Amino acid sequence: MHPIERLRYVARASGAPHEMLVRETASALAAFGSDPAGLITACRRVVARQPTSGPVWWLAARVLTAPEPMREAWDAVEEMENDPTAKELSYALDDAATVCILGWPDQVSFALARRGDLEVLVIDSLGEGSGLVRRLLDAEIDAVDVPPIGVGAAAVDADVVILEASAVGPDAFLAIAGSRAAAASARQAGVPVWLVAGVGRLMPARMWAALAAKVDVEDPWDADDEIVPLELVDRVVGPAGLESVADAIGRTDCPVAPELFVQL
């Protein structure tokens, strides 16, 4: 496949897991390894088409700021594929806990599949939750399909609300629509809120501002993703395990690449 066509394929894969997006993006960018100007344009193009994927921004920033861009790209892919976040979440959950989640979060669903003693309340956000419920039930995991209108009730009834971020900034994070309502309901009821933020999600202020600006839409109630204040989160689960919010955001490893701030 021609490099430009491959980039278009990556750009279309908006519903793909972040791990796959990073791998496919790295593969597409490899064609521009000896073309610095083309590499910059390619990184801008992928980020423009995947504005809500923190890992894609993270990969592009690493590639553009590294002395050996292609080696850096494949190092990032390896780090993403070896991300221990799902395993750490599985270890951190209490026995027989009732957890509330939204949609079909990649890392959270892997963690739940490792546990057979949980009750999972799945909010059917964006129509994604029902499929996960069927998958969990097939794995003999107790799961309940909750319509979006029940997000508040499910959050209050759970032992913990678990949200998955696609990107995290210094004071907010990006997650599936309905996450703010779930977090606010849980906070009001004293139910802990955990944020799952795996490799490539933690962004420095300038990178986060660039991403957040692309998420801003005229009618936010119609958006698939929303920005949620970190003040609604009690703990963060990442590659280092369960941590305080302050400790987690201090682990930001995404470099700042000003080249990505230019609009195509």
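The values are calculated or read from the model by the stated rules, or taken from the named source; none is laboratory data. Bear in mind that the values here come from a model prediction, so they are computed numbers and not experimental data. Note that each Cβ is placed from the backbone with ideal geometry, even for glycine, and that neighbours are counted across all protein chains shown.
In segment 133-144, what count of residues is obtained for those that are surrounded by fewer than 17 Cβ atoms within 10 Å (Cβ to Cβ) and of a type outside the set (Lys, Arg)?
Within segment 133-144, the first condition is being surrounded by fewer than 17 Cβ atoms within 10 Å (Cβ to Cβ), and the residues that meet it are 134-135, 137-140, 142.
Among the residues that remain, those that are also of a type outside the set (Lys, Arg) are: 137-140, 142.
Of the residues in that region, 5 qualify.
Restricting the first residue to segment 172-192 and requiring it to be under 9 Å from Leu232 (Cβ atoms), which pairs with a second residue that is assigned to a loop (DSSP other than H, G, I, E, B) meet a Cβ separation below 8 Å and a spacing of at least six or different chains?
Here the result reads Ala183/Val233; Ala186/Ala158; Ala186/Pro192, each pair linking segment 172-192 to a residue that is assigned to a loop (DSSP other than H, G, I, E, B).
Taking the options Ala31, Ala76, Ala42, Ala37, name whichever one is under 17 Å from the mean Cα position of the chain (by Cα) and of a type in the set (A, V, I, L, M, F, W, C). Write out each step before concluding.
Working: Ala31 fails: under 17 Å from the mean Cα position of the chain (by Cα); Ala42 fails: under 17 Å from the mean Cα position of the chain (by Cα); Ala37 fails: under 17 Å from the mean Cα position of the chain (by Cα).
On inspection, the qualifying residue turns out to be Ala76.
Which residue out of Val236, Val151 is in contact with an Asp or Glu (Cβ under 9 Å, 6 or more places away or on another chain) and either outside the structural domain of Cys43 (by TED's automatic domain parsing) or of a type in the set (S, T, N, Q) (or both)? Walk me through it before giving the result.
Values: Val151 fails: in contact with an Asp or Glu (Cβ under 9 Å, 6 or more places away or on another chain).
Step by step, each of Val236, Val151 is checked, and only Val236 is in contact with an Asp or Glu (Cβ under 9 Å, 6 or more places away or on another chain) and either outside the structural domain of Cys43 (by TED's automatic domain parsing) or of a type in the set (S, T, N, Q) (or both).
Here is a list: Leu59, Leu29, Leu64. Which entry is closer than 21 Å to Ala86 by Cβ and in a helix (DSSP H, G or I)?
Numbers: Leu29 fails: closer than 21 Å to Ala86 by Cβ; Leu64 fails: closer than 21 Å to Ala86 by Cβ.
Going through Leu59, Leu29, Leu64 in turn, the sole match is Leu59.
Across segment 207-226, which residue is nearest to the chain's Cα centre (by Cα) among those that are of a type in the set (D, E, K, R) and exposed (fewer than 14 other Cβ atoms within 10 Å of the Cβ)? Before you say what the answer is, go through the steps one by one.
Our first condition is that a residue be of a type in the set (D, E, K, R); within segment 207-226, this holds for 214, 216, 218-219, 222, 224-226.
Right, trim to exposed (fewer than 14 other Cβ atoms within 10 Å of the Cβ) and you get 216, 218-219, 222.
Values: Asp216: 17, Glu218: 23, Asp219: 22, Asp222: 19 Å.
If we take residues in segment 207-226 being of a type in the set (D, E, K, R) and exposed (fewer than 14 other Cβ atoms within 10 Å of the Cβ), then Asp216 is nearest to the chain's Cα centre (by Cα).
Got a number for residues in segment 214-251 being among the β-branched types (Val, Ile, Thr), farther than 24 Å from Arg45 by Cα and out of contact with any Ser or Thr (no Cβ under 9 Å at 6 or more places or on another chain)?
Taking segment 214-251 first, the residues among the β-branched types (Val, Ile, Thr) are 215, 217, 227-228, 233, 236-237, 245, 249.
If we keep only those that are farther than 24 Å from Arg45 by Cα as well, we get 228, 233, 236-237, 245, 249.
Cutting the leftovers down to out of contact with any Ser or Thr (no Cβ under 9 Å at 6 or more places or on another chain) gives us 233, 245, 249.
So the answer is 3.
Working carefully through the options Ala181, Ala158, Ala167, Ala177, find the one that is assigned by TED's automatic domain parsing to the domain that holds Val108, closer than 17 Å to Ala248 by Cβ and of a type in the set (A, V, I, L, M).
Details: Ala181 fails: closer than 17 Å to Ala248 by Cβ; Ala158 fails: closer than 17 Å to Ala248 by Cβ; Ala177 fails: closer than 17 Å to Ala248 by Cβ.
Going through Ala181, Ala158, Ala167, Ala177 in turn, the sole match is Ala167.
What residue, of Leu59, Leu7, is at pLDDT below 75 and buried (at least 23 other Cβ atoms within 10 Å of the Cβ)?
On the way: Leu59 fails: at pLDDT below 75.
Result: Leu7 is the single residue among Leu59, Leu7 that is at pLDDT below 75 and buried (at least 23 other Cβ atoms within 10 Å of the Cβ).
Inside segment 90-134, can you point out the residues that are among the acidic types (Asp, Glu) and closer than 15 Å to Val196 by Cα?
Residues of segment 90-134 among the acidic types (Asp, Glu): 94-95, 106, 117, 119, 124, 128.
Within segment 90-134, Asp106 is the sole residue that qualifies.
How about segment 93-107: which of its residues are more than 19 Å from the chain's Cα centre (by Cα) and either crowded, with 17+ Cβ neighbours inside 10 Å or touching a residue at least 40 places away in the same chain (Cβ under 8 Å) (or both)? Talk me through it step by step, then tell me what you get.
From segment 93-107, those more than 19 Å from the chain's Cα centre (by Cα) are 93-98; that's our starting set.
Those that are more than 19 Å from the chain's Cα centre (by Cα) and either crowded, with 17+ Cβ neighbours inside 10 Å or touching a residue at least 40 places away in the same chain (Cβ under 8 Å) (or both): Leu93, Asp94, Ala97, Thr98.
One residue is enough: does segment 138-148 have a residue meeting the conditions farther than 21 Å from Ser53 by Cβ and in a helix (DSSP H, G or I)? Don't jump to the end; show me each part of the working.
Initially, segment 138-148 is screened for residues farther than 21 Å from Ser53 by Cβ, giving 138-148.
The next check asks that each one be in a helix (DSSP H, G or I); those that pass are 138, 148.
Scanning segment 138-148, I find at least one residue that is farther than 21 Å from Ser53 by Cβ and in a helix (DSSP H, G or I), so the answer is yes.
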